[in-house]
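First the structure, in the form of structure tokens, and then the observations on it.
The values are calculated or read from the model by the stated rules, or taken from the named source; none is laboratory data. The model shown is predicted, which means the values in this text are computed figures rather than measured ones. Neighbour counts are summed over all protein chains in view; Cβ atoms, including those assigned to glycine, are modelled from backbone coordinates with ideal geometry. The protein model used for the area step is the full one, side chains on, heavy atoms only, and it has no ligands, DNA or RNA in it. Shrake-Rupley method; radii C 1.70, N 1.55, O 1.52, S 1.80 Å.
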Amino acid sequence: MNEILENALATGNIAGAYLIAGSSPEATQEQIDEFLLRVFCQDRTGCKTCPGCLKYLHKNHADLFVIEPAKSTISIGDVREIPAAVAKKPYEGGYQAVVIARADAMTPQAQNALLKVIEEPPGHTVFMLGAQNMKNILPTILSRCIILKTSFSREETEKLLHEEKNLPTLRARVLSVAAKGDYHLAVSYLEKGFFDIRDDMILALNRLFTARNMATSATLELFLKHEGAVDLCIGAALQYIGDVLLYKHTGEVLVSEDKLPEIARHAKLRDYVLVNTQQALFDCMVKRAQCAGLNVKLALESMLFHILEVIL
Ligand SMILES: [Zn+2]
């Protein structure tokens, strides 16, 4: 855990508001969970078995307020009840916590509505904010928070993946680069099956490039196989295409240095095929981020169609 948070737990000197700057929502959420589990734990260890831990893990602790974006933004209506809620004493006598892991999704109005209570939080209240895009956070909020970073260095992440997760050195390096050096993100990738996903994406792209399968159903299956990690699928495919293009023009790869034979083979494809594929994947990723209710299958089908369009 972050040294500042560790120290806050050890001394009992917990500040009113922390803002965790992470490279992904997963990374910030993991850091927030790790910290709050110990705040709510009866002996501050995060034992995961005491009533406080269990209530936190099930997100039904009476002193926990979690604000999540209902749509793509958190509006003033979503946070309106927070000041009154935290003005009450904690039900269970310990701390009460307000978690806004996507604080950068708050509209300026929503941030202003929280400003006063973040400025002077009632005793025994801790605000845990997370953000990827710090530019979206109002300076007035920033100035009231203790700002923390989630990340280890890229090398530290690689070393930890090797030592803690028993990954062979090369895989540890590939995963640490894929996760942009963010250890928590790397672990979440690993848990979602990053290496299997990447293999399936290379297979899917290969099928598209060789246009052996004019019907997209078999290719689509490779994406849908990883339901719940579709964004990681698209991300892994994007990184792979990025590597192919980089290799084609510089002879180097950024992420998948363990996939050189495949990369070299695909680097023989024409630029416009690769760039078009990259664009189609990117568009699909953006569409998914912008529109929560998007039908996954339809979005992927449309993406595959756009990739095939220039190949056939
Ligand atoms: Zn506990």
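Excluding the site residues themselves, the longest part of the chain lacking any trypsin sites (Lys or Arg not before Pro) in a DSSP loop with at most 15 other Cβ atoms within 10 Å is 89-164.
The relative contact order of the range 97-214, computed from alpha carbon pairs under 8 Å that lie at least 6 residues apart in sequence, is 20 percent. 3J(HN,Hα) along the range 266-272, derived from phi through the Karplus expression 6.51 cos²θ - 1.76 cosθ + 1.60 where θ = phi - 60°, amounts to 6, 5, 7, 5, 5, 3, 5 Hz, with x in place of Gly and Pro. Database remark: amide H of Gln96 closer than 5 angstrom to the amide H of Thr125, Val126 (H placed geometrically; neighbours at sequence offset of 5 or more, or on other chains; Pro and chain starts carry no H). In terms of distances greater than 26 angstrom between alpha carbons, the cross-link table entries Lys55/Lys180; Lys59/Lys159; Lys135/Lys192; Lys59/Lys88; Lys192/Lys259; Lys225/Lys248 yield Lys55/Lys180; Lys59/Lys159; Lys135/Lys192; Lys225/Lys248.
Rounded, prolate or oblate: which fits the range 178-312 when a ≥ b ≥ c are the square roots of the eigenvalues of the alpha-carbon gyration tensor, with rounded for a/c under 1.5 and prolate only if a/b beats b/c? Verdict is oblate for the range 178-312.
In the range 193-311, Cα pairs under 8 Å separated by at least six residues give a relative contact order of 29 percent. Residue-normalised convex hull volume from the C-alpha trace of the range 36-127: 93 Å³ per residue.
Suppose R0 equals 22 Å; then what is the FRET efficiency for Asp196 and Glu221 from their Cβ-Cβ distance, rounded to the nearest 0.05? Computed FRET efficiency for Asp196 and Glu221 comes out at 0.95.
Debye-formula intensities of the range 69-173, expressed as log10 I(q)/I(0) at q = 0.11, 0.15, 0.20 Å⁻¹, are -0.48, -0.71, -0.96 (one equal scatterer per alpha-carbon, no solvent). Surface analysis of the chain yields an accessible area of 50 Å² per residue, using protein heavy atoms and a 1.4 Å probe. Normalised by the number of residues in the range 222-292, the mean separation of alpha-carbon contacts (under 8 Å, six or more apart) gives a relative contact order of 33 percent. Here the Karplus relation 6.51 cos²θ - 1.76 cosθ + 1.60, evaluated at θ = phi - 60°, turns the backbone of the range 26-31 into coupling constants of 4, 5, 5, 4, 5, 5 Hz, with x for every Gly and Pro. Per-residue ellipticity at 222 nm computed for the chain from its helices equals -17000 deg cm²/dmol, with DSSP H segments shorter than 4 residues left out and the rest contributing -39,500 (n - 2.57). The loop-placed chymotrypsin sites (Phe, Trp or Tyr not before Pro) in the range 81-189, going by DSSP, that have at most 10 neighbouring Cβ atoms within 10 Å of their Cβ come out as Tyr91. Over every Cα atom in the chain, the radius of gyration and the widest Cα-Cα span, Dmax, amount to 22.2, 66 Å. Per-residue Karplus couplings for the range 158-167, computed as 6.51 cos²θ - 1.76 cosθ + 1.60 with θ equal to phi - 60°, are listed in order as 4, 5, 5, 5, 5, 7, 8, 10, 6, 7 Hz, Gly and Pro entered as x. Exposed loop sites here are GluC sites (Glu not before Pro) assigned a DSSP state other than H, G, I, E or B and surrounded by at most 12 other beta carbons within 10 Å; excluding them, the longest clear run of the chain is 82-226. For chymotrypsin sites (Phe, Trp or Tyr not before Pro), no site in the range 20-85 is both called loop by DSSP and has at most 10 other Cβ atoms within 10 Å. Close amide H partners of Val66, meaning residues 5 or more places away or on another chain with modelled amide H under 5 Å apart, are Val99. How big is the gap, in Å, between the Cα center of the range 116-132 and the Cα center of the range 168-192? The distance from the Cα centre of the range 116-132 to that of the range 168-192 comes to 31 Å. The gain in end-to-end length when the Ile146 to Val286 segment is fully stretched comes to 47.3 nm, 0.36 nm per residue minus the alpha carbon separation.
Here the chain has 53 percent of its accessible surface on carbon and sulfur atoms, given a 1.4 Å probe and all protein chains in place.
Under a 5 Å amide H cut-off, with hydrogens placed 1.01 Å from N, Lys149 pairs with Ala21 among residues at least 5 apart or on other chains.
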